[in-house]
1. Each label point is 7 Å from the Cα along the Cα-to-Cβ direction; what then is the distance between the points at residue A:184 and residue A:148, in nm?
2. Per the Kirkwood definition applied to all pairs of different Cα atoms, how many angstroms is the hydrodynamic radius of region A:269-365?
3. Efficiency by 1/(1 + (r/R0)^6): what FRET value for residue B:102 and residue B:3, r their Cβ-Cβ distance, R0 = 22 Å, to the nearest 0.05?
4. Given a Förster distance of 22 angstrom, what is the FRET efficiency for residue B:299 paired with residue B:353, based on the Cβ-Cβ distance and rounded to 0.05?
5. At 7 Å along the Cα-to-beta-carbon direction for both residue A:82 and residue A:9, put a label point, then send me their distance in nm to one decimal.
6. Count, for each residue of A:55-66, the Cβ atoms from other chains sitting within 10 Å of its Cβ, then give me the mean as a whole number.
7. What's the extension gain from residue B:164 to residue B:181 if we count 0.36 nm per residue and subtract their Cα-Cα distance?
8. Express in nm, to one decimal, how much length is gained between residue A:172 and residue A:117 on full extension, taking 0.36 nm for each residue of separation and deducting their alpha carbon distance.
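Where a number appears in this text, it was derived from the coordinates with a stated rule and is not lab data. Please read these numbers as outputs of a predicted model, since none were measured by experiment. In this analysis, Cβ positions are derived from the backbone assuming ideal geometry, glycine residues included, and neighbour counts consider all displayed protein chains.
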């Protein structure tokens, strides 16, 4: 790495080398049985330079070939954007614990047993369900050095445990599933299994639902699939800078229900999305985004922050292998005080949304979402009466979150990138197939 | 001979010497370039080069897989894959027989990565200028990517195949705003490496930007059931989502219930409906000569005259279902094992003209272009980038983009008109099992679907 940096410094005013190495061992079950064991190792190096004021960028997997890497970066710099930022000098980083050495020592045998136990528990409840499960351990190490003497290194361990089940009765299919991840080994499959067992219980019966607007409860998974993608775009400093975020001009203004609090937090110990610094070597921080319904901040990397005349929030991400760009680490929505049962009890006729399929296909920037309720339950007179099918919901995040009836008291991690409670909203538009059209 | 060729030759010789039922090795070298615009100016430009590979081993029905960047110590990686497979395996390995192949397939098109960056930037500047010349456009997003790669495949049955391939994707989007109202319209294009196919699209780009502005004042459709007409682009996405994924045998072969449902001969649609998947048409995005298990590409009828007649296979799924391999095992790159995927999937054209199709619709929706689509086997959703009401047999007001949903066991049966105007769309990429985007193309003529559920207010 030092070699690449030295080489680059000869042709550029500023240079930064980012190297990431990863090792991952997924153990996978198909159709209820152990099917694959994989071992994936990868290493890549990215070089960002500023040459004659402009940004050049190249990546390679061949560590030995620094000449080619530098040449590619120089070639692109001719056309690159004008650099407005300064790379960070040597700095202190907050202590964010993300490495647990015991992850590595979990054996393949133990991982296979975890998966088996998970599947056995689910099939103990519903014998004809077909399950796919995955147990994965891994580690990544990140090194950043730059021409201003900045330097960052950290190691992270990752362990995940997940299951998806499908149940087919005639041509009716039911999909259930749950996955959890941590920087610690997850050796207790019960927590994952219980979520799936509850889904199976609630979905036992079918329920009809009319085409109209009605109150709706988003479970944490429902929040993740319907409401979060538009918000992630809207708080992205780059989209704000372009004027394409509907809340870009509303800093300090109330846009959401005053019960709503949201922040981005990469500093929570042993979470897979946590890290001591971002991909540009900027220290991690907890950034409030919505405070009491008011827009509090947007997320920035170095270049975008410089263009917007503000400071990086430590959200420079190289997801996808390109130049750093603003991206959330983990969104956290503050829990409220209402239990899920209390929400259900409050509803005369309504819908619980657990999984929405296709919600992110629409006009995300505008906050519109529309999707098929892949897993959702009808509520009648304060009770869940069964699962709905052939049902679409449509709404707009900004209209929906302007008025929230209640926020759940227990927040849950979803997919590693979101911790949220249940959200109970007064009205959402529902469209459904008329029953006579079933075959 | 390049480095991976030398390594590949040497390793191929050694593959028979391990105690596994089957071993295959992929070695890959690739170059890519990428240019993105957000707003008026070029935002990022970069080049990548990568070398890597993987080993996959099968022992008593269990699979081991090892992927890597460094080509050092390959014999120990093969041993690790074999050891993993031995840990898993507890039944008889089954792979459909395939004749060993020795072949070299070079790319027919000019390597797009080698086109000078200045030429690519010039073209994108022209498109971006057109978008920005449209009044009320707030911003634009352009993302161009190209790739050139060479993959060497060898296996323990003696196959040795070198294949070169190239690809280009170009996505453009125009974003229009008014107050806090934001609307966007996108255009997705692609080719298997031919740069000229993404040149000269100035008129299309102009129309795209104008549509984004029009949407600011367009109403949203009222949710409910409609007779829906799909244009060839969206109908292609529909056939991919609504039926293509369910015809991938890896979701069926170990699931007895699904095998009963997906039994060959089952009626899914009307007598006019034929659905095909084939990688054997030259020069489409999903085309190739051999898949990633070294199986030659074929043309597979999935539905013929409304009945299920075939499905897409890897060697393992074909053997377990006692059907013929179709050459549909694909991996996006060396980090992943091949899984069953679509290639170029389409509905065959029939005789109806567009006027025949919309002529007798009293109230319906004409949906064009695509945002995306998703499926969960039974249920699927797909979304249109453009939509219009149809009133009394004529196109009427412009609508906000719509999301449509259906159920594979009813919706295909509700197709009651198929047009004569087949077109293939090259702008798509498909995701499955964490592998995305895989180059595919989809196509169809215009089709009409009765009782289609449309989301709306």
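1. Result: 3.8 nm between the two label points.
2. 16.6 Å is the Kirkwood radius here.
3. Numbers: r = 20 Å, r/R0 = 0.93.
E between residue B:102 and residue B:3, to the nearest 0.05, is 0.60.
4. On the way: r = 27 Å, r/R0 = 1.22.
Between residue B:299 and residue B:353 the formula returns 0.25.
5. According to this spin-label approximation, the distance is 2.8 nm.
6. 5
7. Details: separation 17, 0.36 × 17 = 6.12 nm, distance 4.61 nm.
Value of the extension gain: 1.5 nm.
8. Numbers: separation 55, 0.36 × 55 = 19.80 nm, distance 2.69 nm.
Additional length available on full extension: 17.1 nm.
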